[in-house]
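For reference, the structure discussed in these notes is given below.
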Amino acid sequence: MYFMGYSKWLLLASRLVAGIGTGAGASIFGYLTRSTTSEERATVFAVVMAARQAGLLIGPGFNLFLRLCKFKLGPFEVNKYTSPGLFMCFMWIVLQIIIVFMYYDLPVVHKYDHQTTTAVSGPLEEEVKALVQSDEGFEAPENLGYGSINDSDQLLAATTGGTVEDEYRYIPNGHVEDEDKRNESPLHNFSATKEYLREEVVVVLTAQFITLFNQTALETMVTPITQKYFNFGELENSLMYCLCGVEVIAGFFFVRWLSAKFADRVILAVGLIICNVSCVWCLIFLANPRGSFATLLSEFVVGVFLQILGLPFVAVSQVSLFSKVTAEKTQGFSQGLRRSVGGIATILGPMWAGGLTDNLYVMLGVMMGLLVLLTVMVTFSYSYLVEPCPVVDFTCEQEECGG
């Protein structure tokens, strides 16, 4: 549709179709959530996001040869305006073939598979038996060992009078989750208010909105500033975005390494600190530029560098956290909601910045205020920004589970 482009309405319709197609992104993150453990999820998300940034970096480079196209394909003319549409269509066809013939689902990883097996390990075995015998009136199963799903099933049968298939788990922070009726619709007994109007979910969605709002606003601001103060042309701006893309990709892989050592909320806090420093820097040095060309350029480079540095920290941690504080069975729907919030932010951010390029104090001041609001929310809700632990996990002392 974009390639044919014989009408402005056809072009508008092509954007509508493409927007609907981006819903696949939500299913990708939902699928990754169900096919990864909590410990590896942030590292997997970081790689996926780095791949996306690599595509954003490489894609514009194809215009170097697409702009040279000038021939006819039937009744349609292929030129520098229509060739990107034809090229993208070809790439989507290749991907479609790969998906149909080479894609298969990985096994689903259930939350209690790891958590409950560690609940009765080691020296606490006798304590668990004593608890079961004295408080529940059931006899604890023998040979409760480490790493055995069958053993944890026996413990659940002893403590609840049923099996894993009968278990309804209580999750802290008011989140009740039914892990068992997997053959029913994911939206069975689903309540949007109970699922999404919880403190930790609201904080993560707010982080998604504010970070994307600020990021797109700054991206909108960058080009007018470089043209006004540095006389950058198309080539200079392209090189700048290329270097920014390289930094972002490196940042995602750095966060991938960090996520194996630190909890998501720690990485989120570090990212917010960097973003706050970046916004303060821009308010001080870029809102009212002064000094020589070299000084202005140095201040601009530092501000852009800090902003891009903080992006991978916040992006990876908030996506990973969101997958952990929402129900596993409705991840596709939940990730769709998260992407919708981000989509609204990417629309409003450029609209806000586009009309205020001549009044940077107001533009950057509002962005700074939003960051401060998010920082306060994360500070007060820090203890909730963890993956909930099942009630049967008597020994949950890890930071990821809130202790």
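At-a-glance table
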{"read-out": "Fraction in percent of alpha-carbon pairs per bin - 5 Å, segment 184-321", "value": "2, 9, 16, 18, 17, 12, 10, 7, 4, 2, 2, 1, 0, 0"}
{"read-out": "Largest to smallest accessible area among 264, 105, 358 [probe 1.4 Å]", "value": "358, 105, 264"}
{"read-out": "Candidate residues 106, 212: accessible-area rank, largest first, probe 1.4 Å", "value": "106, 212"}
{"read-out": "Residue-span extension gain [residue 73 to residue 94] - 0.36 nm each, minus C-alpha spacing", "value": "5.6 nm"}
{"read-out": "Accessible surface of segment 250-320 [probe 1.4 Å, protein heavy atoms]: carbon and sulfur percent", "value": "76"}
{"read-out": "Distance in nm between pseudo-label sites at residue 17 and residue 261 (7 Å out along the Cβ direction from Cα)", "value": "4.8"}
{"read-out": "9, 281, ranked by accessible area, largest first (probe 1.4 Å)", "value": "9, 281"}
{"read-out": "Restraint check, 261/324; 8/70; 8/228; 70/228; 194/261, Cα-Cα greater than 29 Å", "value": "8/228; 70/228; 194/261"}
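The values are calculated or read from the model by the stated rules, or taken from the named source; none is laboratory data. For clarity, every value in this text was computed on a predicted model and none was experimentally measured. We place every Cβ from the backbone using ideal geometry, glycine too, and count neighbours over all the protein chains shown. Surface areas here come from the heavy atoms of the whole protein model, side chains and all, with no ligands, DNA or RNA. Shrake-Rupley method; radii C 1.70, N 1.55, O 1.52, S 1.80 Å.
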